[in-house]
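The values are calculated or read from the model by the stated rules, or taken from the named source; none is laboratory data. Just so it is clear, the model here is predicted, and its values are computed rather than measured. When we count neighbours, we look across all protein chains shown, and the Cβ atoms used for this are built from the backbone with ideal geometry, even at glycine. Heavy atoms of the whole protein, side chains included, go into the accessibility calculation; ligands, DNA and RNA do not. Shrake-Rupley method; radii C 1.70, N 1.55, O 1.52, S 1.80 Å.
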Amino acid sequence: MQESPEPRHEFWVGQRVHASGDSQRIGTVKYVGPVEGYSDTWVGVDWDNGEGKHDGSINGVRYFHAKSERSGSFVRAHNLNQGISLLESLESRYKSESTKDEDDDMFVLSTSNQRVSVQLLGKDKIHDKLSRLEELTSVSLSYMGISSPGIASHINNTVPNIKELDLTGNLLSEWKDVGTICEQLPALRTINLSNNLMSPYKSKLLLLKNIQVVVLNNTGVDWEQVELLRQSLTTIEELHVMGNSISRILPGSSSMVQGFDYLRLLNLEDNCIDEWKEIMKLSQLRCLEKLYLNNNCLKSVFYPDNGGHYESEVTCYKPFQNLRHLLLANNNISDLASIDSLNLFPNLVDIRLSDNPITDSGRGGVPRFVLIARLAKIQILNGSEVTPRERKDSEIRYVRLVVSRLHASPEEIKQHPRFYELEKIHGIEDERPSIGATVPQTISSGLLSITLNCVGASMGEKPSLTKKLPATTTVGKLKFLCESFFKLKSMKLKLYLREEGSPFPMLLDNDTSSLMDLGIGNDSIILVDEESS
């Protein structure tokens, strides 16, 4: 990477720097001055990756406070780089010739583990095209050590046609510098500032009327900063603010977030939001179609049950009226009421719920077929399409499951709001299964066609078997039958149900549960494995 032509050694607290020779080792200057017991001036740095030597104190003397016990270190000025300008980075990335070392690094390993050099066909033609900076429309300058725009007027003259600009992992921290860059690139539509630690606004940002996509992941930007951004980004369609420790949504002048008239996608993944009431503050964004909330701390979901409007002085639209995609993976959702509330979202068709307690069978969660049956309009669940056949099979299986429980606990019907609807849709009679019954569309169809597949490593290759089994067959009884069917007398077995659309089979771990109790229906596939020793 090209260095500044005349390295500077004047550092100040709050400055972003990187280690000389390693533009990905980035930190913030926390101290400049003497260190007791050592000569000359030292620079105290708090490293972003946490890989330092101490917490800002040495030999019992504290010089600064690092973010963790071993993220700080003292460095000589000549071992730090204060960065280069955007224009310098463009010259370095797109105009400099590749070095002999870089060419030597292009190789593949042969079958005998020998290095075989690789020559790129058309390399000179590609380099010639990329070096014509005025023709570039998409530019990636990630981890180039950029700390300033350079001479503003030269940016537009050099790269006038840039539409997409990736500035991930640089040393930018001032919004005025970002504003200068965007102002000089009138064709710019997408800017990625991820992993630049941005300082709070000190002055009003310029109007950036053409920017449509802004990526601010791991930048330290909180929602108050987002609200200030809104005033400048009047046409923004996508906003990504992952990994910024956001815990609250703080609207600027009312109880609900306003503006963002064209925002279609909002990415709040990897933050610290734990209350759905915070998310409800986003419910009046009328163009919002995609809301990404994976890896937060949400405990529940709700939708106003008064037919439309969340209590607010600005309720003009149904909450989340155009939301179609909602990602909630890896939160703390554990109640079925949250699942049922998703039916109230007017246009929701795609939901991700994986890695929540409610979907983890090991923590009392429910399997995929129950989710499909309870979610009437969902077309994509956890990234997998819900086909018409899977929906039908899941709903019938779910009704069987509910019926098997109602006789023991009639009050449980209150926990299944779609039960009567599904019972009517599929023409299923509310009866316990009876061996020998012949009505094909009722629960009393007593025999189920089950395919058994041996998958245990020490079982050998055994052909699959399809058996007609009573719906009242328990898991324990089925294990005993499998020992007989496959001649596995000396093995301790465990059974799994393979479910369509689910990446992992479901362990059948309760020997007293019947096939009907588990909602297992015709043409199901059960995997026969062995207990690990």
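Evaluated against (1) touching a residue at least 24 places away in the same chain (Cβ under 8 Å); (2) surrounded by 16 or more Cβ atoms within 10 Å (Cβ to Cβ), Asn522 falls short on exactly one condition, (2). If you go through the range 399-420 and pick out every residue that is among the charged types (D, E, K, R) and open to solvent by less than 90 Å² (accessible area, probe 1.4 Å), you end up with 3. Pairing each residue of the range 66-93 that is on the phi > 0 side of the Ramachandran plot and open to solvent by less than 10 Å² (accessible area, probe 1.4 Å) with any residue that is of a type in the set (A, V, I, L, M, F, W, C) and not in a helix (DSSP H, G or I), provided the two are 6+ apart or on different chains, yields C-beta distances under 7 Å for Gly83/Ile146; Gly83/Leu171. Of the strands (runs of 3 or more DSSP E) lying entirely inside the range 197-298, those containing at least 3 residues that are farther than 26 Å from Trp47 by Cβ and in the same structural domain as Asp350 (by the TED database) span 265-267, 290-292.
Taken as a whole, the condition of being closer than 21 Å to Leu90 by Cα and either at pLDDT 90 or above or buried (at least 20 other Cβ atoms within 10 Å of the Cβ) (or both) applies to Ser194. Regarding Ser524, is this residue under 21 Å from Glu395 (Cβ atoms), of a type in the set (S, T, N, Q), outside the structural domain of Val366 (by the TED database) and in contact with an Asp or Glu (Cβ under 9 Å, 6 or more places away or on another chain)? So Ser524 passes the test.
For the range 493-517, taking the residues that are closer than 20 Å to Asn382 by Cβ and hydrophobic (A, V, I, L, M, F, W, C), the one that is least open to solvent (accessible area, probe 1.4 Å) is identified as Leu497. Residues being polar (S, T, N, Q) and crowded, with 18+ Cβ neighbours inside 10 Å: count how many of those fall in the range 214-261. Total satisfying the criteria: 6. Residues of the range 358-382 that are surrounded by fewer than 17 Cβ atoms within 10 Å (Cβ to Cβ) and at pLDDT 95 or above: Ala376, Lys377, Gln379, Ile380.
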